[in-house]
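Q: Can you keep this structure in mind? I'll have questions shortly.
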Amino acid sequence: MKHINTSFILLILILCSLVDLGRSCDFPFRLDTTAGCKQASKAFTTDQTDHLQRVAKNVGSVGPPGTACDHTIERDLLQEAVNVSGACKFYTKLLRNGLLDYDMRLYYWKQVAATVNAFPNTYYLDGATLSAKERVVKNFLSGEVPEAGTLHYLQNIQTYLLDVHRDVKNVSEALDINLQTAVHNVMETVAINKISAMPKETQERKLRILEEAMRSFTKPSAISKLFAEFEDYIRRHYSISIISSKENRNIAEKTCNLSPVDLKFIHCIPPPNVCFLAGAPTMSSGPRVVY
């Protein structure tokens, strides 16, 4: 029998464990693509001019032709918010110190998954608009402006988000509560079931680890905050796209006496085509009629 290199085997085991820990913050459930959307009484299609319109839909039915099921708060947004909240650091610290196993962590994600997969976070949305929205989400999360191919759809995305705003705001706040509850339940389970069963000299050390992990969860409202920032991102870039043509920029510059630097800060809200200069360097902020 050939000599087995135990150091090599140990290295492989360590690497495998690190891969598993790297997945510890991944949202472990797939997004349901039909059930939640069927519960909505409205869907969003486009008219002959490619503008988004809301249409009535029977509860329990599939969406109109050309639509697909959208999760308004998408998986990527949810994942980023969980990262920002500190919940990932919390879970990972417990995993690395033997206070939580991967299967147990899956259990605590279940209510988050149930909320994000259910109406009113789910609507049938025009397929092209949905595809553009997914790309814009990635642009938003990476700190980039919307890619050129999505600009045509910003108005439709804006229309959609305005229509479902109140319901989805409630969803984002419910997801915050789901996440807070999951962290709290993990803390209680670990303290009661795991640490209390350990020898007394081990308990104190593990309790300190639990306390340190809990301090990682610093932003319990990260989901609702991030979604609000995404809505604002869409508003700003849709507004900018309205006056992005040379002609409209010239009108804005002439009518409002804006410098080229100021034009970068223009936020329009149509109608009545009012421009808000948020922090423009050479002018005081305030409304200006553009055209």
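Coordinate-derived values only; no laboratory data. Quick caveat, the model's predicted, so the values are computed rather than measured. Reconstructed Cβ throughout: ideal geometry from the backbone, glycine too, with neighbour counts over all protein chains shown.
Q: In vacuum, with every alpha carbon of the range 102-210 counted as one equal point scatterer, what does the Debye formula give for log10 I(q)/I(0) at q = 0.12, 0.22, 0.24 Å⁻¹? Two decimals, please.
A: Those come out to -0.63, -1.18, -1.25, one per q.
Q: Please express the shape of the range 6-237 as an equivalent ellipsoid: the semi-axes are the square roots of 5 times the eigenvalues of the C-alpha gyration tensor, given largest first in whole angstrom.
A: Value: 40, 18, 16 Å, ordered largest first.
Q: For a quick check: sort ARG75, ARG166 by the number of other beta carbons within 10 angstrom, fewest at the front.
A: The fewest-first ordering by Cβ neighbours comes to ARG166, ARG75.
Q: Fewest to most neighbouring Cβ within 10 Å: what's the order for PHE140, PHE44?
A: PHE140, PHE44
Q: Something else about it: For LYS138, which aspartates and glutamates qualify as cross-link partners when the Cα separation must be under 17 Å and same-chain residues fewer than eight apart are set aside?
A: ASP26, ASP70, GLU74, ASP76, GLU80, GLU147, GLU229, GLU231, ASP232
Q: Sticking with this one: Please compare each pair in LYS169/LYS206; LYS133/LYS219; LYS89/LYS169 to a cut-off of 32 Å on the Cα-Cα distance and tell me which ones are over it.
A: On the way: LYS169/LYS206 38 Å; LYS133/LYS219 26 Å; LYS89/LYS169 26 Å.
Those over the limit are LYS169/LYS206.
Q: Quick one: Karplus J couplings for the range 92-99, per residue in order, coefficients 6.51, -1.76, 1.60, θ = phi - 60°, nearest Hz, x for Gly and Pro?
A: Taking θ as phi minus 60°, the curve returns 5, 4, 5, 4, 5, 9, x, 9 Hz for the range 92-99.
Q: Using only the alpha carbon atoms of the range 92-145, find the Kirkwood hydrodynamic radius as the inverse mean reciprocal pair distance, in angstroms to one decimal.
A: Final number for the Kirkwood radius of the range 92-145 is 14.3 Å.
Q: For a footprinting-style exposure proxy, rank CYS88, CYS37 by other Cβ within 10 Å, fewest first.
A: Arranged by neighbour count, lowest to highest, CYS88, CYS37 become CYS88, CYS37.
Q: Could you list which residues have their amide H under 5 Å from that of TYR124, counting only those 5 or more apart in sequence or on another chain, with H placed in the peptide plane?
A: Here PHE44, ASP70 satisfy the definition.
Q: Under the Karplus relation 6.51 cos²θ - 1.76 cosθ + 1.60, θ = phi - 60°, what is the ordered set of whole-Hz ³J(HN,Hα) values for the range 137-150, x standing for Gly and Pro?
A: 3J(HN,Hα) across the range 137-150, in whole Hz: 4, 5, 4, 4, 5, 8, x, 9, 6, x, 5, 4, x, 9.
Q: Something else about it: From the phi of every residue in the range 32-49, what ³J(HN,Hα) in whole Hz does the Karplus formula 6.51 cos²θ - 1.76 cosθ + 1.60 yield, where θ is phi - 60° and glycine or proline is x?
A: So the J values, rounded to whole Hz, are 5, 9, 9, 4, x, 5, 5, 7, 6, 9, 8, 9, 10, 10, 10, 8, 5, 9.
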